[in-house]
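All remarks here apply to the structure that follows.
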Amino acid sequence: MSNFTYIDIASPLDQFEIRDLLSLNAPILGNLHLSLTNIGLYLTIAAFLVLALNVLATNFNKLVSNNWSISQESLYATIHSIVTNQINAGKGQIYFPFIYTLFIFILINNLIGMIPYSFASTSHFAFTFALSFTVVLGATIKGFQKHGLEFFSLLVPAGCPLALLPLLVLIEFISYLSRNVSLGLRLGANILSGHMLLNILAGFTYNIMTSGFIFFFFCLVPLAFIIAFSGLELAIAFIQAQVFVVLTSSYLKDALDLH
C-alpha cells in the first residue's frame, strides 16, 4: 500500500474562530450551558481598558496634564466636533457621552485585534451587527418618541412628485432598513479583510524565509510590504471607529430633525 503524507494547512479564517475558554453545564437547571468564549473575554478586556484609560486621563486632579490626559482631550475634541457638526451644537450635547463611549470601545477593540496572537472582536459580524442594530433601533425609537407617526415623513423625499411617491417611499424604506446591515458590515468587513490579508502575507513570507538562505533575502520585499500594511491597518482601526460614530450621529440627526 502507498503511504500518503497529510499536510495540515492552516486557514486564514482560523484566527476568527470563536472558541469556548471556560464552560459550565448544569443539568439540574434544565441543561443550562454557560461558557466564556474568546470574543467574550476580549470584549471584557476592552471594557476594562476603556475604564482604565479614563481613570489615567483624569491625572488624579493634577494641574499639569500627562500624556494620557492630552491624548484623551484630543479624542474628546474630535468626537465633540463630529457630534456638534452632524447633529447640532445644542441637541448633540445630550448624545455626546454615548457617541464618545461607542468610539472609544470600537477603537480599543480594533487596536487589540492588531496585537499578534490576539483576537479581533470587531471582525465578527455578530458583534458589529449587534452594535448597528442597536444604534438604528435606538434612533428609530427616539424618532417615534419625538415625532410620533410624523416620523414616517422621513421616508418621503422633499419635492417628490405624487405619481412617484409609492415607488420612492418603498426605496427609502428599503434604504432605511439597510442601515442595520451597512453600518455593521462596513466595520466588520474592513477589519476582517485586513487581518486576513496580513495573515496570508505573513504565511507567504515565512515560507520563503524557511526555504533556504538565498531565499531569505528575497523575503525582504514582502516583509517591508507587511510592515507598511500594518501601519495602514492601524490607520483603518481609527478611521473605521470614526466612520461608525459619524454615521451614528447622522442617523440620530435624521431621527431628531426628519431630513
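Summary of values
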| read-out | value |
| --- | --- |
| Residue match in segment 208-225 (condition: among the polar types (S, T, N, Q) and assigned to a helix (DSSP H, G or I)) | no |
| Tally of residues being in a helix (DSSP H, G or I) and within 14 Å of the chain's Cα centre (by Cα) across segment 84-127 | 21 |
| Enumeration of residues in segment 54-83 that are touching a Phe, Trp or Tyr at 6+ places or on another chain (Cβ under 8 Å) and modelled with pLDDT of 85 or more | Leu75, Tyr76, Ile79, His80, Val83 |
| Restricting segment 84-94 to residues that are modelled with pLDDT of 85 or more and surrounded by fewer than 16 Cβ atoms within 10 Å (Cβ to Cβ), the residue that is farthest from Val243 (Cα to Cα) | Ile94 |
| Count of segment 29-83 residues which are among the polar types (S, T, N, Q), in a helix (DSSP H, G or I), open to solvent by 70 Å² or more (accessible area, probe 1.4 Å) and under 23 Å from Ala241 (Cβ atoms) | 1 |
| Any hit, segment 177-198, residues being surrounded by fewer than 15 Cβ atoms within 10 Å (Cβ to Cβ), part of a helix (DSSP H, G or I) and more than 20 Å from the chain's Cα centre (by Cα) | no |
| Residue that is within 28 Å of Thr128 (Cα to Cα) and modelled with pLDDT of 70 or more, where the choices are Asp14, Asp20 | Asp20 |
| Residue satisfying condition, being at pLDDT 85 or above and open to solvent by 40 Å² or more (accessible area, probe 1.4 Å), within set Ala224, Ala228, Ala241, Ala255 | Ala228 |
| Scan of segment 237-259 for residues that are out of contact with any His (no Cβ under 9 Å at 6 or more places or on another chain) and not in a helix (DSSP H, G or I), ordered by number | His259 |
| Leu168 vs. criteria open to solvent by 70 Å² or more (accessible area, probe 1.4 Å), in a helix (DSSP H, G or I), out of contact with any His (no Cβ under 7 Å at 6 or more places or on another chain) and more than 20 Å from Gly40 (Cα to Cα) | no |
| Among (1) surrounded by fewer than 16 Cβ atoms within 10 Å (Cβ to Cβ); (2) more than 26 Å from Ile79 (Cα to Cα), the one test that Cys219 misses | (1) |
| From the options Phe144, Phe119, residue that is in contact with a Phe, Trp or Tyr (Cβ under 6 Å, 6 or more places away or on another chain) and open to solvent by 40 Å² or more (accessible area, probe 1.4 Å) | Phe144 |
| Selection count where residues are in a helix (DSSP H, G or I) and without any contact (Cβ under 8 Å) to a residue 12 or more places away in the chain, scope segment 138-165 | 11 |
| Residue pairs meeting the criteria (Cβ under 8 Å; at least 6 apart or on separate chains; first of a type in the set (Ser, Thr, Tyr), in segment 106-119; second assigned to a helix (DSSP H, G or I)) | Ser118/Tyr42; Ser118/Ile112 |
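The values are calculated or read from the model by the stated rules, or taken from the named source; none is laboratory data. Note that the coordinates shown come from a computational prediction; the quantities given were computed from them, not determined experimentally. Positions of Cβ are backbone-derived with ideal geometry, glycine not excepted, and every protein chain shown enters the neighbour counts. These accessible areas exclude ligands, DNA and RNA; they are computed on the full protein's heavy atoms, side chains included. Shrake-Rupley method; radii C 1.70, N 1.55, O 1.52, S 1.80 Å.
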